[in-house]
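Let me begin by presenting the structure, written as structure tokens, before commenting on it.
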């Protein structure tokens, strides 16, 4: 059954666990991207521009899967879609073992992103948006994705150091197979929130999807270049690596607070507060020359961004109101993921590395501004 079907009231913890697992598998390319690209680059002797294309390949597949979701989600049964995604994700990593050149690796990643991770991420996120409390569900989903990413980025380098890239690819396939049983907990007909029956214009939904793109810019631009910004301050690779290893798990604090707070302050105020905190932290980061202050400033930005993202998704879910349009949200977020590094890279080349920070600040400000002016439409129902 497709995610746009009407749901019953069986919005159980098991159902949520299955949704979180599906979203985690869908976001897996982002979770392992720093390590994965480096490993493939060494294995196939890839150039930086080729690594950039590989990063775009996964994102491209997810974007296409999400934006076409309003079509395929209504035409294929949920069980069939999960089978397609599971097989494609698993085979996507195993197929890389037999790849011989860049083009083969590229197209394997495109197909894996489109029919595998793209379907999984779109379905998982759409189901979470249709729960009774989508803001909280997305916040917890961010926590699970960060935890999953931290675990993989801890173990995979150790496996690679002891073995080789084919073994790592095999292990990634095994990880997918181990998580798949949790997806069986999803009740495609279970849900969540009652719909209001209130019609919203597609233009309003479009503005909120743009807000999601902009808000994602606030993360992707700075995340892609944080190591380069540190290098410009003469931080060693070891210092930057240790900083990121510590910040990644600590940044879950933002999502944890959002999950506890839920809708007590509505949606607009938390996003505005997150934007103010993130802007202040990035301005402090510009002035930070010592590694410890640099790390603290970046940590505050990550906490603030994680705090706000669930509310942006919640606004999209409120406007979608059970129509199935929430399946467009993962694609919009992925567009922001792709645009951030591109815009930041252009500014970095033509201005300075610190100019990257202004892309992040501008993105979050634009996203929160859209939410502010549309607040009456997406105010949470009691």
Considering the chain as a Gaussian network with a 10 Å cut-off on Cα pairs, which listed residue, 139, 31, 317, attains the greatest mean-square fluctuation? 31
Just how far, in whole angstrom, is the stretch 33-96 from the stretch 230-270 if you go by their alpha carbon centroids? 26 Å
Just to compare against my own numbers: the Cα pair-distance distribution for the stretch 229-372, 5 Å bins, whole % per bin, please. 2, 9, 16, 20, 22, 15, 9, 5, 2, 1, 0
At a 10 angstrom cut-off on C-beta neighbours, averaged per residue, how do the peptides 70-79, 101-110 rank from highest to lowest? 101-110, 70-79
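Taking the Cβ-Cβ separation of residue 17 and residue 75 as r and a Förster radius of 35 Å, what is the calculated FRET efficiency to the nearest 0.05? Walk me through the numbers before you get to the answer.
Working: r = 27 Å, r/R0 = 0.78.
Calculated value: 0.80.
Can you order the peptides 362-374, 113-125, 249-261 by their average number of other Cβ atoms within 10 Å per residue, highest first? Spell out each step's value before the answer.
Values: 362-374: 21.2, 113-125: 28.7, 249-261: 18.8.
Per-residue Cβ counts within 10 Å, averaged per peptide and sorted highest first, yield 113-125, 362-374, 249-261.
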Could you work out the relative contact order of the chain? I mean the mean sequence separation of Cα pairs under 8 Å and 6+ apart, divided by the number of residues, in percent. 27 percent
Given (1) 22.6, 86; (2) 22.2, 79; (3) 19.8, 58 as candidate values of Rg and Dmax of the Cα atoms in Å, which corresponds to the one derived from the coordinates? (3)
Could you work out [θ]222 nm for the chain from helices alone, using -39500 (n - 2.57) per DSSP H run of at least four and dividing by all its residues? Round to the nearest 500 deg cm²/dmol. -25500 deg cm²/dmol
Picking from 349, 316, 359, which is most flexible by a Gaussian network model of the chain using Cα springs under 10 Å? 349
So what does the Cα-only Debye profile of the stretch 13-183 read at q = 0.14, 0.16, 0.17 Å⁻¹, as log10 I(q)/I(0), no solvent term? -0.70, -0.91, -1.03
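No lab work stands behind these numbers, since they all come straight from the coordinates. These numbers were taken from a predicted model, which means no experiment stands behind them. Reconstructed Cβ throughout: ideal geometry from the backbone, glycine too, with neighbour counts over all protein chains shown.
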